[in-house]
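Please read the structure below before turning to the comments.
Nothing in this text is a laboratory measurement; each read-out follows from the coordinates by a stated rule. Just so we're clear, the structure is a prediction, and the values are computed from it rather than from any experiment. Virtual Cβ from ideal backbone geometry, glycine too; neighbours counted across all protein chains shown.
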Amino acid sequence: MSDQYPFSSQFTFQTNVTWFSPMFYLTGFPGLEVMEHWIFIPFVFMYLVAISGNCFILIIIKTNPHLHTPMYYLLSLLALSDLGLSVSTFPTTMGIFWFNYHGIYFEACQIQMFCIHSFSFPESSVLLIMSFDHFVAICRTLRYSVMITDQRVVRVGLVIVLQGPLAHVPLFLLLKTFPYCGPQVLSHSYCLHQEVIHLTCTDTTFNNLYGLTVVVFTVMLDLMLTVLSYGLILKTVAGLASQEERLRAFQTCTSHLCAVLVFFVPMGGLSLVHHFGKHAPFAVHLLMANVYLFVPPMLNPIIYSIKTKEICCAIIEYLDLRKDNAEFWG
């Protein structure tokens with residue numbers, strides 16, 4: 001580690017965080033320091049699009065009564081998850097770019113870890129419930145209003161919001177009791193549990209097994225059920241007699257299917273690189289980790305703004321109203 005990060009020697013010590021808070025070093029983009037001014041541009045662009053885009057989606061849904069339906073409540077929850085994820089990584093990433101500040105105390109690192117995992121894990125569950133909504137709309141059309149109600153969506157949304165924080169509380173409580181030794185160097189511009197756990201000087205078997213269990217029974221299970229939902233949707237759509245009906249059904253699912261791919265493809269790529277690309281250049285690992293966290297929050301509002309007719313019409317109506325008000329007061 002010290003050969004790869006020569007600066008890490010100054011962060012070498014052993015301590016228990018209950019008595020003293022270690023300072024971790026966020027490497028950011030090692031080996032690309034001379035290009036940080038150029039890397040800064042796409043990152044700022046992604047943050048601006050992600051934060052403003054998801055805020056705009058939330059405003060559009062809130063201000064348009066026609067969008068106060070279960071599907072758009074779920075879209076609001078997806079936008080909130082993306083917004084929270086972007087805000088969670090923003091302080092340390094921009095701190096590295098703007099102030100060249102790489103240090104972060106354990107408490108701040110733990111808060112950032114908790115926020116990142118709490119906002120990223122529920123996203124797969126939101127996508128699953130949205131796929132179930134599409135399944136009922138296409139395959140059980142006559143029962144949609146009975147099966148998908150506002151009250152049920154609110155209850156399911158509350159469970160989704162709580163599952164991320166509650167599932168990760170044991171992991172972060174244990175991290176606080178572990179001793180830390182050696183170079184306190186993290187290979188990204190933000191804190192993740194799977195990296196911090198490697199810096200401990202004790203047995204972390206429980207954390208590793210528990211973390212794997214959480215991933216399997218949340219993200220992986222959500223993915224399998226989402227794929228199953230779309231398999232049933234495709235089966236139903238293939239049985240429609242009219243080509244126009246088939247096309248309309250596919251168009252209904254286009255935006256959500258794009259969001260599913262945008263979320264799960266980078267996650268799958270990161271998992272493959274992590275498990276099978278141990279000898280791959282560090283830049284590949286860094287790229288996949290950043291794509292996984294930064295790209296979906298940026299692309300989701302764009303996808304739903306372009307591919308969803310109701311959102312497009314609501315945006316046009318909102319902008320026209322703002323223009324009329326500006327002309328009136330001007």
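Taking Cβ separations below 4.7 Å as the criterion for a possible disulfide partner, the isolated cysteines in the chain are Cys55, Cys115, Cys139, Cys253, Cys258, Cys312, Cys313. Dividing the summed -39500 (n - 2.57) terms of all DSSP H runs of n ≥ 4 by the residue count of the chain sets its mean residue ellipticity at 222 nm at -25000 deg cm²/dmol.
Charges were assigned to the Cβ only: +1 to each Lys and Arg, -1 to each Asp and Glu. The resulting dipole of the chain about its Cα centre is roughly 740 debye. In the chain, one over the average inverse separation of all distinct C-alpha pairs is 21.8 Å, which is the Kirkwood hydrodynamic radius. Bridge orientation summary for the chain: considering DSSP beta bridges with both residues in this region, about 80 percent are antiparallel. Remark: the range 168-179, residue by residue, has Karplus-estimated 3J(HN,Hα) of 9, 4, x, 4, 7, 5, 5, 4, 6, 9, 7, x Hz, where x stands for each Gly or Pro and the curve is 6.51 cos²θ - 1.76 cosθ + 1.60 at θ = phi - 60°. Charge tally around Asn300: other residues with Cβ under 13 Å, Lys/Arg +1 each, Asp/Glu -1 each, net -1.
Taking the chain as the region of interest, the number of lysine pairs whose Cα atoms are within less than 28 Å, with members eight or more places apart or on different chains, is 7.
Annotation: amide H-H contacts under 5 Å for Val185 (H modelled 1.01 Å from N, sequence separation of 5 or more, or interchain): Tyr25.
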